[in-house]
Amino acid sequence: QVQLGESGGGLVQAGGSLRLACAASGNIFRVNVMAWYRQAPGKQRELVATMTTGGSTNYADSVKGRFTISRDNAKNTVYLQMNSLKPEDTAVYYCNVHLTTAIQIRSLEVWGQGTLVTVSS
């Protein structure tokens, strides 16, 4: 009974910005890792950025310096601020969360439904 709610996708011109958000809710004791993936048509799904509970981050080379991942642990929410967007950033962006459940404790991986980001020009 864990759900991820994603938002923030849309259409933007090259050079513009978007902010994605992903909130985890339900039977959660602790969120361990939150991450963003993306998949463009005809391409493999790739890891964009990750952040652990302790704040350790990792970025794909293609987005370093332009994207920033952050999280609010109290709200179990992860954000992806995307600046200086390029047409090649066009993809469906997926939230991915590794967590520990509160009841009948176990490890769980949950994927969001995805949100489409389209960068024109």
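The values are calculated or read from the model by the stated rules, or taken from the named source; none is laboratory data. Quick caveat, the model's predicted, so the values are computed rather than measured. Glycine gets a Cβ as well: all are built from the backbone with ideal geometry, and neighbour counts include every protein chain shown.
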Counting only residues that are of a type in the set (S, T, N, Q) and part of a strand (DSSP E or B), which one in region 5-21 is farthest from the chain's Cα centre (by Cα)? 13
Please enumerate the residues belonging to region 79-92 that are within 13 Å of residue 34 (Cβ to Cβ) and either in contact with a Ser or Thr (Cβ under 7 Å, 6 or more places away or on another chain) or loosely packed, with under 13 Cβ neighbours inside 10 Å (or both). 79
Within the bounds of region 22-37, is there any residue that is in contact with a strand residue (DSSP E or B) (Cβ under 8 Å, 6 or more places away or on another chain), surrounded by 19 or more Cβ atoms within 10 Å (Cβ to Cβ), part of a strand (DSSP E or B) and of a type outside the set (A, V, I, L, M, F, W, C)? yes
Residue 78, sole failed condition from (1) outside any strand (DSSP E or B); (2) modelled with pLDDT of 90 or more: (1)
What tally of residues in region 82-121 results from selecting those that are over 12 Å from the mean Cα position of the chain (by Cα) and part of a loop (DSSP other than H, G, I, E, B)? 12
Mind listing whichever residues of region 38-66 are crowded, with 18+ Cβ neighbours inside 10 Å and touching a residue at least 24 places away in the same chain (Cβ under 8 Å)? 38, 48, 49, 51, 63
Looking at (1) surrounded by 14 or more Cβ atoms within 10 Å (Cβ to Cβ); (2) under 12 Å from the mean Cα position of the chain (by Cα), which is the only condition residue 2 fails? (2)
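Surrounded by 16 or more Cβ atoms within 10 Å (Cβ to Cβ) and on the phi > 0 side of the Ramachandran plot, is that true of residue 15?
no
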Looking at residue 93 and the list (1) modelled with pLDDT of 95 or more; (2) over 14 Å from residue 5 (Cβ atoms), which single condition is not satisfied? (2)
Does residue 71 meet the test of being charged (D, E, K, R), part of a strand (DSSP E or B) and at pLDDT 95 or above? no
